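A short write-up of the structure that comes next.
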């Protein structure tokens, strides 16, 4: 962001005179939010986060001080959605939920409940609810998004398959492993046909299948999936991308399960350093790796739901 724009966004007053300028700033900041498929997306996201927080405050003030919805303009609705993406990727789920709900309200009014863009926000609300541990709410969002996307876009559209993948994650969280496997296999087959074997969304589902196979005790099959995902991610996104690091983390958990503690420590350390650099010490992913390393070092290798290493499934916004 240009230094002049930087100072303008941070210091613009939110009185009536400057309201139009504040909305323009919101649009500009929203358009700058990169998707997670972008290499080193986290660098730009962290740079624009202070500006996004200022825009969020303006948005709240607009809702409190005006009878007109601040999301009546389609361009601004999309920017509010983009702020939701930013907060979600930064692990700020409460802020993401607020932005997505505002975007959803605006999209339902301007575009309709069944518009593809509306359903994209519904899908992303499911991701946030899952991050908050609200599995029933997440499942409801995904089911709505899936039904709508199948009607509007078709069963084999990449956006439809993204929601199929996300439903697989919820089923896995709920212990419905057979249902999760069916969703993942459908998503993977569709992605490979529509996007190819090395697309980031294809690799996401490959990683998730590895998680599922590990849950089922199929450690050999899990290793095959993680190796494929890691090789693909490193080529497509780079060694230090957070999706790459998720799979590195998962390989570490798998090595721990196999009693390969040195290999597990190597994977955990690589993932931890990467997450610290990309997301910061306080991000959930960084904290999870820190805990898993402590457990490994203290030889607490037996897993329970409360203390066992966490294995990472991936759900992106999709296309």
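Does residue 13 qualify as being surrounded by fewer than 19 Cβ atoms within 10 Å (Cβ to Cβ), modelled with pLDDT of 85 or more and not in a helix (DSSP H, G or I)?
So residue 13 does not fit the description; no.
Could you check region 129-209 for helices (runs of 4 or more DSSP H) lying wholly inside it with 3 or more residues that are touching a residue at least 40 places away in the same chain (Cβ under 8 Å)?
Output list reads 158-173.
Quick one: is residue 148 more than 24 Å from residue 60 (Cβ to Cβ) and crowded, with 19+ Cβ neighbours inside 10 Å?
yes
Being over 24 Å from residue 164 (Cα atoms), in contact with a helix residue (DSSP H, G or I) (Cβ under 9 Å, 6 or more places away or on another chain) and modelled with pLDDT of 95 or more is the requirement here; does residue 232 meet it?
no
Please verify whether residue 181 is more than 26 Å from residue 293 (Cβ to Cβ), surrounded by fewer than 17 Cβ atoms within 10 Å (Cβ to Cβ), more than 16 Å from the chain's Cα centre (by Cα) and at pLDDT 95 or above, treating the condition exactly as stated.
Taking the combined requirement at face value, the residue does not satisfy it.
Can residue 256 be described as surrounded by fewer than 24 Cβ atoms within 10 Å (Cβ to Cβ), modelled with pLDDT under 95 and assigned to a helix (DSSP H, G or I)?
The answer is yes for residue 256.
Take the conditions part of a helix (DSSP H, G or I) and either modelled with pLDDT of 90 or more or surrounded by 15 or more Cβ atoms within 10 Å (Cβ to Cβ) (or both) and apply them to residue 20. Does it pass?
So residue 20 fails the test.
Just to be sure I understand the filter: pairs with C-beta atoms under 7 Å, separated by 6 or more residues or on different chains, first member in region 83-94 and free of Cβ contacts under 8 Å to residues at least 40 places away in the same chain, second member outside any helix (DSSP H, G or I) and surrounded by fewer than 21 Cβ atoms within 10 Å (Cβ to Cβ). Which pairs pass?
From residues that are free of Cβ contacts under 8 Å to residues at least 40 places away in the same chain, the pairs are 93/132.
Every residue, every condition in (1) touching a helix residue (DSSP H, G or I) at 6+ places or on another chain (Cβ under 8 Å); (2) modelled with pLDDT of 90 or more; (3) more than 20 Å from residue 240 (Cβ to Cβ); (4) surrounded by 15 or more Cβ atoms within 10 Å (Cβ to Cβ), yes or no:
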residue	(1), (2), (3), (4)
267	yes, yes, no, yes
275	yes, yes, no, yes
282	no, no, no, no
292	yes, yes, no, yes
307	yes, no, yes, no
312	yes, no, no, yes
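Being loosely packed, with under 15 Cβ neighbours inside 10 Å and within 23 Å of residue 150 (Cβ to Cβ) is the filter here, so list the residues in region 96-113 that pass it.
Passing the criteria: 112, 113.
Mind checking whether some residue in region 225-233 is without any contact (Cβ under 8 Å) to a residue 24 or more places away in the chain, closer than 24 Å to residue 287 by Cβ and surrounded by 21 or more Cβ atoms within 10 Å (Cβ to Cβ)?
Scanning region 225-233, I find at least one residue that is without any contact (Cβ under 8 Å) to a residue 24 or more places away in the chain, closer than 24 Å to residue 287 by Cβ and surrounded by 21 or more Cβ atoms within 10 Å (Cβ to Cβ), so the answer is yes.
The values are calculated or read from the model by the stated rules, or taken from the named source; none is laboratory data. As the structure is a prediction and not an experimental result, all values here were calculated from the model. Note that each Cβ is placed from the backbone with ideal geometry, even for glycine, and that neighbours are counted across all protein chains shown.
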